Amino acid sequence: MASLKDMRTQIGSVKATQKITKAMQMVAAAKLKRAQDSAENARPYAKRMAAVIANLAKGITGDSAPQMLVGNGSTTNQLVVVATADRGLAGGFNTNIVRAAREFIARQTAAGNKVRLVTIGRKGRDQLKRQFGDQIVESFDLSGTKVLTIDVVAPIADLIAREFSEGRADVVTLFYSQFKSVIAQVPSAKRLIPAEVDLSAAADTGGVQPVYEYEPSEEQLLETLLPRNLSVQILASLLENTAGFYAAQMSAMDNATRNAGEMINAMTLKYNRKRQAQITTELIEIIAGAEAL
């Protein structure tokens, strides 16, 4: 049985841990606000980009459509991009994204398709390399990046575009966590190539569709916009990921702080009972010795 000194040491250790989790919770809460603002500010830009591409795609028919828009007609070579955080202590945030990617990979493999991976973030890389190490094309570590910008994600978009243009990828799917609220982060999949075109996102002015005349042609504009859209979609997803990570970390650290408090209370109660029992035993021994005299 642990001595009183050992119990005091254990209580002190848990109190030190509680201070750390409380500090991490406060840091995550402060960073969450900025990350949430960045994610929300990026959404209108990404939505507007989707609307422009949808308008352009409506005017294209036949074989003139860019391959990044319609694909190359094959789904055999699947490139899966898994975006997670570079750090942990955020509950199941990273694991949920990786689990969704694994399920997708299993389905594609069962269908006879070849799957290759690109990882963004150390946690996704570490979890996936144990099972799919020989299938990982490239891993990107953004831990040293303070601000996510188009320039930061450009190498990722360039790699994806190159894999597609050189015939090593027919379909590219991005897995990330969509930020819904502080308590809800949803692992999501987004198809990057062929580009997802939502015709409902096209401009609508009260039921009257405007007629556009493009110069240069829609095809030429899409050849320029689609690679740019690739970077925009990746950036928007990473910003969603960042907000979701800090929200998950704040929640996890809050739970850890409360659990530590409950543990301290239980250990303190046990310590006080043992100390009281020891004092009572000593008093009985003193009284018994005095009576013997």
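The values are calculated or read from the model by the stated rules, or taken from the named source; none is laboratory data. Values in this document were obtained by computation on a predicted structure and should not be read as measured data. As a convention, Cβ positions derive from the backbone with ideal geometry for all residues, glycine included, and neighbour counts pool all protein chains shown.
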Tell me, which strands (runs of 3 or more DSSP E) wholly within segment 86-199 include 1 or more residues that are modelled with pLDDT under 90, surrounded by fewer than 20 Cβ atoms within 10 Å (Cβ to Cβ) and not hydroxyl-bearing (Ser, Thr, Tyr)? 171-181, 184-193
Could you list, ordered by first residue, the pairs with Cβ atoms under 6 Å in which the first is in segment 12-24 and within 9 Å of MET253 (Cβ to Cβ) and the second is assigned to a helix (DSSP H, G or I) and not small (Gly, Ala, Ser), at least 6 apart or interchain? THR21/MET253; THR21/THR257; LYS22/THR257; MET24/MET253
Where residues in segment 253-293 are basic (Lys, Arg) and more than 42 Å from the chain's Cα centre (by Cα), which of them is surrounded by the fewest Cβ atoms within 10 Å (Cβ to Cβ)? ARG273
Considering only residues of segment 200-240 that are over 20 Å from the mean Cα position of the chain (by Cα) and of a type in the set (Val, Ile, Thr), which is modelled with the highest pLDDT? THR224
Test of understanding: among SER177, SER165, SER143, which residue is in contact with a Phe, Trp or Tyr (Cβ under 7 Å, 6 or more places away or on another chain) and not aliphatic (A, V, I, L, M)? SER177
Tell me which residues, restricted to segment 43-85, are within 29 Å of LEU128 (Cα to Cα), surrounded by 19 or more Cβ atoms within 10 Å (Cβ to Cβ) and among the small types (Gly, Ala, Ser). ALA83, ALA85
Qualifying residue in segment 57-65 (condition: in contact with a Lys or Arg (Cβ under 7 Å, 6 or more places away or on another chain), of a type outside the set (A, V, I, L, M) and not in a helix (DSSP H, G or I)): no
With respect to THR257, is the statement that it is among the β-branched types (Val, Ile, Thr), more than 30 Å from GLY144 (Cβ to Cβ) and modelled with pLDDT of 85 or more true? no
Subset of segment 74-85, residues modelled with pLDDT under 90 and in contact with a helix residue (DSSP H, G or I) (Cβ under 9 Å, 6 or more places away or on another chain), comes to THR75
